[in-house]
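The values are calculated or read from the model by the stated rules, or taken from the named source; none is laboratory data. As the structure is a computational prediction, the values presented were derived from the model and not from experiment. With ideal geometry, Cβ positions are generated from the backbone for all residues, glycine too; neighbour counts draw on all protein chains shown.
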Amino acid sequence: MTKLKLGPLEDDKPVKLTTELPAAVFRDLRSDAEILTHSVGLMTRTEPAKLIAPMIERRMATDRAFAKARRNTLSSHLGHSVHDAGQETDATMDCR
């Protein structure tokens, strides 16, 4: 059987998440959506809930402490091993 270089693919199916926000945070989120709507000249109102995922993605993409901690966590779970011949084995990770 052929040994593939690509491991299992992550599930990219969106996950519905229900959460409660403090009223002040929701008011700010609603204001942010309104400002975004006007600043980019959209004709339809931006729903505040549509801003949450991009905000979280941006935070995780730019937070250096998070990136470092994630790299450390991932590298500790990979468990690469080296054969006697000096060839590295393929490693797959189960992210749950």
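Examine region 38-45 for a residue that is modelled with pLDDT of 70 or more and in a helix (DSSP H, G or I), and state whether such a residue exists.
Scanning region 38-45 turns up at least one residue that is modelled with pLDDT of 70 or more and in a helix (DSSP H, G or I).
Looking at region 1-36 only, could you name the residues that are more than 16 Å from Ala53 (Cα to Cα), surrounded by fewer than 10 Cβ atoms within 10 Å (Cβ to Cβ) and at pLDDT below 95?
Selection gives Met1, Thr2, Lys3, Leu4, Lys5, Leu6, Pro8, Leu9, Glu10, Asp11.
Could you list all residues from region 61-71 that are under 25 Å from Arg30 (Cβ atoms) and surrounded by 11 or more Cβ atoms within 10 Å (Cβ to Cβ)?
Selection gives Asp63 alone.
Restricting to region 1-58, what's the tally of residues that are in contact with a Ser or Thr (Cβ under 7 Å, 6 or more places away or on another chain) and either of a type outside the set (Val, Ile, Thr) or on the phi > 0 side of the Ramachandran plot (or both)?
Here the count works out to 5.
Count, please, the residues in region 20-43 that happen to be without any contact (Cβ under 8 Å) to a residue 12 or more places away in the chain and more than 22 Å from the chain's Cα centre (by Cα).
14
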